[in-house]
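J.: Below is a structure I'd like to ask you about.
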Amino acid sequence: MGAAKNILKEVFGYGEFRNQQEDIVNTIVSGKDALVLMPTGGGKSLCYQIPAMVRTGVGVVVSPLIALMQDQVSALKQLGVKAAYINSTLSASEEAMVKQQARSGELDMLYLSPERLVGEETQEFLQSIEVSLFAIDEAHCVSQWGHDFRKEYQKLSMLHQKFPGIPRIALTATADQKVRSEIIKELQLEDAEIYISSFDRPNITYSIEEQENGKQQLWRFIKDNHANDAGIVYCLSRRKVENVAEFLKSKGRKALPYHAGLSNRVRESNQQKFLMEDGVIIVATIAFGMGIDKPDVRFVAHFSMPKNIESYYQETGRAGRDGHPSNAWMAYNYQDVVMQRQFIKDSDAGDEHKTILHNKLDSLVDLCEQLECRRQTLLRYFEETLPEPCGNCDNCLNPPEKIDATKEAQMALSAAYRTEQQFGIMYLIDVLLGNDADERVVELKHNKLNVFGLGKEHVKTWWRRLYRQLISQAYLDVDSEFGSLKLTEKAKPILQGEESFYLRDVVKAKNKSKKAEEVDLGRHDIILWEALKKLRTDLASDQGVPPYVIFSDA
Ligand code: ADP
Ligand code: MG
Ligand code: ZN
């Protein structure tokens with residue numbers, strides 16, 4: 001039996017490698033570079049831990065979070081692996097001791113924060129020892145488009161120059177094409193073997209509903225499906241985290257809050273309880289979760305809408321790492337969309353970047369409004385094809401109410417076709433609504449374009465929603481440079497009346513006013529709430545928020 005397989009069994013206690021692990025391990029052991037794209041829970045750690053033990057010298061692992069580093073090192077130590085870390089939590093003498101161990105060949109693995117690794121002093125130290133490999137975990141941190149950008153990660157390109165010949169392995173669960181190519185470019189991994197695992201998590205059942213009665217809805221989901229299970233509930237604001245944790249406690253559950261406003265001590269203690277005790281629910285902001293390895297998390301509930309599909313997928317991926325059936329449940333609310341848009345507006349991202357962030361949010365809104373299989377939609381977003389509907393998501397199990405929008409889809413597609421597929425959504429909507437403020441639209445009007453003004457029975461936001469759906473279901477392609485919409489092959493049967501097109505029925509939502517109490521008005525939220533109220537006029541025009549978002553003035 002090979003050395004790698006032996007270590008898998010003897011040290012880690014696993015009988016078999018999972019999907020591509022064995023190939024990846026062999027690539028690194030043989031001294032080549034690798035880029036590994038694997039979903040959360042897929043088993044990325046072993047891909048560098050085992051080669052670090054097979055090859056002579058110290059495997060150097062870069063990891064972005066101190067807590068994550070500490071967890072991994074203590075887990076390795078428990079298995080009898082010689083591992084240590086250097087980060088800001090060590091005293092000078094502790095650090096000197098770790099370095100001594102590395103020099104005398106007593107270490108298999110050394111975890112470093114990116115700040116440390118790019119420092120002069122550490123590099124000199126690394127030159128003085130035998131390094132077996134460099135592992136760059138959570139490699140998407142190198143990308144400005146990603147969700148966890150860390151500027152020190154960009155300096156890691158120097159590894160290639162300063163340590164030629166030492167294999168490097170970069171790992172991430174982010175599958176976005178743009179992030180992928182940025183990792184390759186920034187880390188100079190052009191010659192690396194690329195391993196892309198399927199992002200499907202078949203044991204997770206996805207379901208997404210619109211919020212109707214707030215916390216009661218969350219409670220119904222938990223009570224009916226997970227009476228005694230461990231799970232994570234994600235909320236957008238600290239205030240909401242506290243409020244939901246209290247609520248679940250009042251229902252008799254062990255629920256603990258986790259957000260950046262709590263002291264380190266409380267956060268750590270709550271995290272520890274979640275990991276060690278049975279049936280704990282952690283209610284958290286996105287501050288919680290990176291690197292959390294609890295195999296039996298039975299559900300992840302989003303009680304606020306995340307900012308994009310990548311975040312949603314990473315967060316829901318924390319359910320069911322042990323492979324047993326688990327739930328990813330979300331109850332969204334159009335106020336969350338408004339809030340996410342506001343975060344993007346207020347961020348210091350450049351205009352181009354902001355457009356990308358808005359589009360990413362749109363894709364998530366689409367997923368929420370989707371009628372077709374959720375898993376197919378998710379995987380399509382990650383450029384993976386699932387040939388058949390999954391049979392294990394809410395839309396497959398309980399097909400939603402829908403309205404026939406074939407006529408409107410034909411109008412929307414014709415508008416793109418008649419204008420020679422040169423224009424973006426807003427312009428096409430102007431054409432459909434007969435808005436002739438734009439000169440180019442006026443020109444079309446004079447040319448007696450037969451779609452001009454045809455779509456007046458719906459409002460702008462309705463058309464935006466339709467276009468979003470046509471795009472997400474691949475009837476239209478967006479030109480990545482100009483934003484113009486092009487028809488795909490799929491569009492033909494609709495235009496020729498051979499196929500129908502449906503939208504999720506939202507009429508029910510239209511008649512429903514959302515009460516302010518449901519938004520959990522805390523001080524932080526009140527400030528946001530004020531901001532939201534101001535935004536209202538803005539929104540009514542052009543923010544892509546459906547017309548049935550009703551704000552009460554309470
Ligand atoms: P990732 O970093 O990709 O999110 P981890 O490396 O933390 O995933 O692994 C997730 C879980 O899967 C861990 O509990 C790990 O011990 C387990 N695991 C990894 N590889 C195997 C394997 N070959 N067989 C069984 N369990 C595995
Ligand atoms: Mg990991
Ligand atoms: Zn499905």
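J.: Helix-only mean residue ellipticity at 222 nm, the chain, DSSP H runs n ≥ 4 weighted -39,500 (n - 2.57), per residue, nearest 500. What is it?
T.: That comes out to -13000 deg cm²/dmol.
J.: Let me ask something else. Note down the magnitude of the dipole of region 308-439 about its Cα centre, charges +1 on Lys and Arg C-beta and -1 on Asp and Glu C-beta and zero elsewhere, to the nearest 20 debye.
T.: With Lys and Arg at +1 and Asp and Glu at -1, about 480 debye.
J.: Per residue, how big is the convex hull around the C-alpha atoms of region 221-269? Give it to me in cubic angstrom, could you?
T.: Here the figure is 82 Å³ per residue.
J.: Residues with amide H under 5 Å of A135's amide H, sequence separation 5 or more or different chain, H placed in the peptide plane at 1.01 Å from N; which?
T.: V60, V61, V62, I169
J.: Follow-up. Calculate, in whole percent, how much of the Cα-Cα pair population of region 178-298 lies beyond 26 Å.
T.: It works out to 35 percent of all Cα pairs.
J.: Then there is this: Would you please give the FRET efficiency between S263 and N6, computed as 1/(1 + (r/R0)^6) with r the Cβ-Cβ distance and R0 = 56 Å, to the nearest 0.05?
T.: With a Förster radius of 56 Å, E is 0.80.
J.: Provide the three semi-axes, in whole Å and in decreasing order, of the ellipsoid equivalent to region 1-103 as defined by the square roots of 5 times the Cα gyration tensor eigenvalues.
T.: After diagonalising the Cα gyration tensor, the semi-axes are 25, 15, 14 Å.
J.: Taking square-rooted eigenvalues a ≥ b ≥ c of the alpha carbon gyration tensor, is region 162-229 rounded, prolate or oblate, where a/c under 1.5 means rounded and, failing that, a/b exceeding b/c means prolate?
T.: prolate
J.: Now, a different point. What is the gain in length, in nm to one decimal, between N392 and S104 on full extension, counting 0.36 nm per residue of separation less the C-alpha to C-alpha distance?
T.: 98.3 nm
J.: Something else: Report, please, the projected area of region 292-421 averaged over directions, based on the convex hull of its C-alpha atoms, in nm².
T.: 10.8
J.: Per the Debye formula with a single identical scatterer at each Cα and no solvent contribution, what log10 I(q)/I(0) holds for region 161-200 at q = 0.35 Å⁻¹?
T.: Taken in order of the listed q values, log10 I(q)/I(0) reads -1.46.
J.: Also, I was wondering about something else. Any chance you could run the full-extension gain for Y417 through A227? It's 0.36 nm times the residue separation minus the Cα-Cα distance, nm to one decimal.
T.: 63.1 nm
J.: Short version: what are the Cα gyration tensor semi-axes of region 10-69, square root of 5 times each eigenvalue, largest first, in whole Å?
T.: So the three semi-axes of region 10-69 are 17, 16, 13 Å.
J.: Based solely on C-alpha atoms, express the radius of gyration and the Dmax of region 22-172 in angstrom.
T.: Expressed in Å, the Cα Rg and Dmax of region 22-172 come to 14.2, 41.
J.: Beyond 34 Å, what share of the Cα-Cα pairs of the chain remains, rounded to the nearest whole percent?
T.: 45
J.: Any idea what diffusion coefficient region 290-341 gets from Stokes-Einstein, in µm²/s, Kirkwood Rh on alpha carbon pairs, 20 °C, 1.002 mPa s?
T.: 183
J.: Order the peptides 320-332, 67-79 from the highest to the lowest mean number of other Cβ atoms within 10 Å of their residues.
T.: Most protected by this proxy first, the peptides run 320-332, 67-79.
The numbers here are math on the coordinates, done by the rules we state, and not lab data. Bear in mind the structure is a predicted one, so any value in this text is a computation, not a measurement. Note that we place each Cβ from the backbone using ideal geometry, even for glycine, and neighbour counts take in every protein chain shown.
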